[in-house]
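J.: The structure that follows is given in the form of structure tokens.
We did not get these values from a lab; they are worked out from the coordinates using the rules stated. Bear in mind that the values here come from a model prediction, so they are computed numbers and not experimental data. Cβ placement follows ideal geometry from the backbone for every residue including glycine, while neighbour counts extend to all protein chains displayed.
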Amino acid sequence: PRQLRQVGRRAEAALELDAPIAPRYGGRAEVLWRRSPLSEEDVSDPQHPSILGGADLDGWAAYGEAWFWALGDERAAPIARHGLEPFTPRGGLASSTSRDGLMLALRVSHVDEEVWQETDAALLNLRDPAVGVTTVTSYELGINYWHARAFRATCNYVVNRISGTTAEVKSLASSTEQELLLRLGIAL
């Protein structure tokens, strides 16, 4: 058995934008770039892994999201943004009549990475299934319901489009994967 493991220093950069345009709607976006040196390691003896050769990862990821409150606004659930809201929302805290909130969100995410072997690993013809390009684009629709700031119900529908040149990607039965995610949360 072999594994790719990070070695040395990686280089990363990220930029994030959070744009709550009004208490009822807004958007978010983020982009990330990463370059990371890797090693191809023989891990058949977990106590004494040995490096077979070098590899590198270079990639970027980004997402954009738009959200809208169909019922209530961010004052109905000040923890709605980022899961933890360190500041009092615009317009103050929710009134006692503002107990429910329904937020709709649409997100598009993209990941594009390439893993390649350095000369020493390539000469060994290791046939690593992660070597090559992997691209994933996800489209997500989310519905979030808050009641009295302490109860949250979330339903997300996600469609993932996967493509690339890696053996892992080529072995997939389908290039499209769908997910339905349900979550209930109670803040104590």
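J.: Give the separation of the Cα centroids, the range 10-72 to the range 119-162, in Å.
T.: 10 Å
J.: Could you give me the radius of gyration and the Dmax of the range 1-64, taking only the C-alpha atoms into account and expressing both in angstrom?
T.: Over the range 1-64's Cα set, Rg and Dmax evaluate to 18.7, 57 Å.
J.: Around V158, with a cut-off of 14 angstrom between Cβ atoms, what is the net charge of the other residues, counting Lys and Arg +1 and Asp and Glu -1?
T.: -1
J.: So what's the back-of-envelope 222 nm ellipticity for the chain, counting only DSSP H runs of four-plus at -39500 (n - 2.57) apiece and dividing by all residues, rounded to 500?
T.: Mean residue ellipticity at 222 nm (helix-derived): -1000 deg cm²/dmol.
J.: Ratio to report: Rg/Rh of the chain, with Cα atoms as the point set and Rh obtained by the Kirkwood method; give two decimals.
T.: 1.11
J.: List the trypsin sites (Lys or Arg not before Pro) within the range 97-188 that DSSP assigns to loop and that have no more than 12 neighbouring Cβ atoms inside 10 Å.
T.: R127
J.: Are there GluC sites (Glu not before Pro) in the range 95-188 that DSSP puts in a loop and that have at most 16 other Cβ atoms within 10 Å, and which ones?
T.: Taking the range 95-188 and a limit of 16 other Cβ atoms within 10 Å, the loop GluC sites (Glu not before Pro) found are E118.
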